[in-house]
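Read the structure below first, then the notes.
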Amino acid sequence: MHRIAIIGLGMAVKPHALALRDLAGRVEVAAAWSRSAARRAHAEAEWGLRTTGDLDAILADDRIDAAMILTPPWAHGEIALRCAAAGKHVLLEKPIDATLARSVATVEAFETAGRKLAIVFQHRFRLASLRLAELLAEGRLGRLVSCSASVRWWRGPDYFAQPGRGMKARDGGGVLLTQAIHTLDLFISLVGPVAELSAHHANSGLRAIDTEDVATATLRFASGAIGAIDATSTAFPGYPERIEIAGDRGAAVLESERLTVRLMDGTTIEAGSAGGGGGGADPMAFSHEANTRLLADFLDAIDEDRAPRANGRSALHVHRLIDAMLRSEGRPVAP
């Protein structure tokens with residue numbers, strides 16, 4: 001039985017609280033922290049959590065062996081490093097931190113400390129994603145030729161009415177770092193690293209924010225395949241994100257949690273089911289089942305003394321991709 005602390009009790013807590021309930025036989029929530037008394041009261045009433053406003057007490061408690069960090073991005077690295085120094089393993093909400101440099105420093109610190117660092121990239125743990133990863137590992141699609149990702153989501157006025165939403169000072173970035181990062185992480189984990197890209201990004205002017213809400217890129221992968229990324233939070237009312245992969249033996253379309261693969265030998269493979277991916281006005285409108293698998297893998301990694309599947313080192317690939325897209329300004333750059 002592991003004892004875990006939840007650090008941060010904002011909007012992101014819901015799927016994690018449900019996942020923790022699913023795995024109650026393996027993990028106990030020892031404490032849940034927030035600076036906000038109102039959020040602590042809500043977490044107690046909604047989820048039955050034992051809350052505290054004393055973060056130092058959580059870090060000093062040797063009976064707590066892990067922490068789940070759900071704070072805004074700029075606080076991620078600082079709190080994660082304090083947890084590592086206190087000997088705790090960490091499951092960290094995306095992004096690792098608000099900048100690539102801070103993200104790299106966090107990952108390296110955990111590797112030095114010998115603590116497990118897993119990042120909340122639960123899209124890797126959707127059943128359809130897992131099946132596609134298997135098919136690619138088996139070479140069923142053959143040599144990859146064309147690989148693209150599209151995230152055409154909508155975030156409405158209520159979302160941006162929350163203090164700091166869409167601002168660099170709170171979120172660290174816009175549609176790439178805050179919304180599309182889940183799909184982009186899954187995309188890169190499936191098709192491999194990007195060797196070179198050329199990108200553009202813009203602020204549509206539709207919201208009072210200082211980050212990008214439209215971005216696009218053309219890609220050349222290390223494998224030799226080429227492709228594209230299209231990401232926005234301005235596409236009303238929000239559409240399922242798509243990953244499309246074409247190889248010389250067949251093609252796959254992953255639309256949110258639904259996979260369809262058609263091979264040239266006549267085989268059709270389907271997995272997953274149609275469902276909300278959080279691309280519309282409610283960003284939490286998705287199943288928590290992938291979060292449960294992510295959490296279970298994190299606990300397994302601690303027990304088996306191995307790297308979590310969504311470990312910090314692997315998560316740096318998407319951070320480097322996003323950083324390259326933001327600095328390209330139409331020029332070819334390497335992530």
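For the range 2-122, what size does the Cα cloud have along each of its three principal axes, sorted from largest down, in whole Å?
Here the spans come out as 38, 28, 26 Å, largest first.
Run the numbers for Glu44 and Leu18: contour at 0.36 nm per residue of separation, minus the present Cα-Cα distance, in nm.
8.0 nm
By average Cβ neighbour count within 10 Å, what is the ranking of 89-97, 211-219, 255-263 from highest down?
Those peptides, ordered most packed to least, come out 89-97, 211-219, 255-263.
How would you order 113-122, 164-173, 245-254 from highest to lowest mean count of nearby Cβ atoms within 10 Å?
Going by the mean number of other Cβ atoms within 10 Å, highest first, we get 113-122, 245-254, 164-173.
Taking the Cα-to-Cβ direction at Ala228 and at Asp158 and moving 7 Å from each Cα, how far apart do the two end points lie in nm?
Computed distance between label sites Ala228 and Asp158 equals 3.3 nm.
State, to one decimal in nm, how far the label point of Ser204 lies from the label point of Val145, with both points 7 Å from Cα in the Cβ direction.
3.4 nm
Helix 289-304: angle to the longest alpha-carbon principal axis of the chain, degrees 0 to 90, nearest 10?
Helix 289-304 and the main axis of the chain meet at about 70 degrees.
What's the extension gain from Met1 to Arg327 if we count 0.36 nm per residue and subtract their Cα-Cα distance? Walk me through the intermediate numbers first.
Values: separation 326, 0.36 × 326 = 117.36 nm, distance 4.50 nm.
My answer for the length gained is 112.9 nm.
Along the three principal axes, how long is the chain when you take its alpha carbons, biggest first, rounded to the nearest angstrom?
57, 45, 37
Go through 128-135, 4-11, 302-309, 49-56 and give me the packing order, highest mean Cβ count within 10 Å leading.
Going by the mean number of other Cβ atoms within 10 Å, highest first, we get 4-11, 128-135, 49-56, 302-309.
Of the candidates Ala208, Ala296, Ala225, which one comes out as most mobile in a Gaussian network treatment of the chain with C-alpha springs shorter than 10 Å?
The residue that fluctuates most here is Ala208.
All of the numbers you see were taken from the coordinates with simple rules; none came from a lab. Note that the structure is a prediction, hence the values are computed from the model and not measured. Neighbour counts are summed over all protein chains in view; Cβ atoms, including those assigned to glycine, are modelled from backbone coordinates with ideal geometry.
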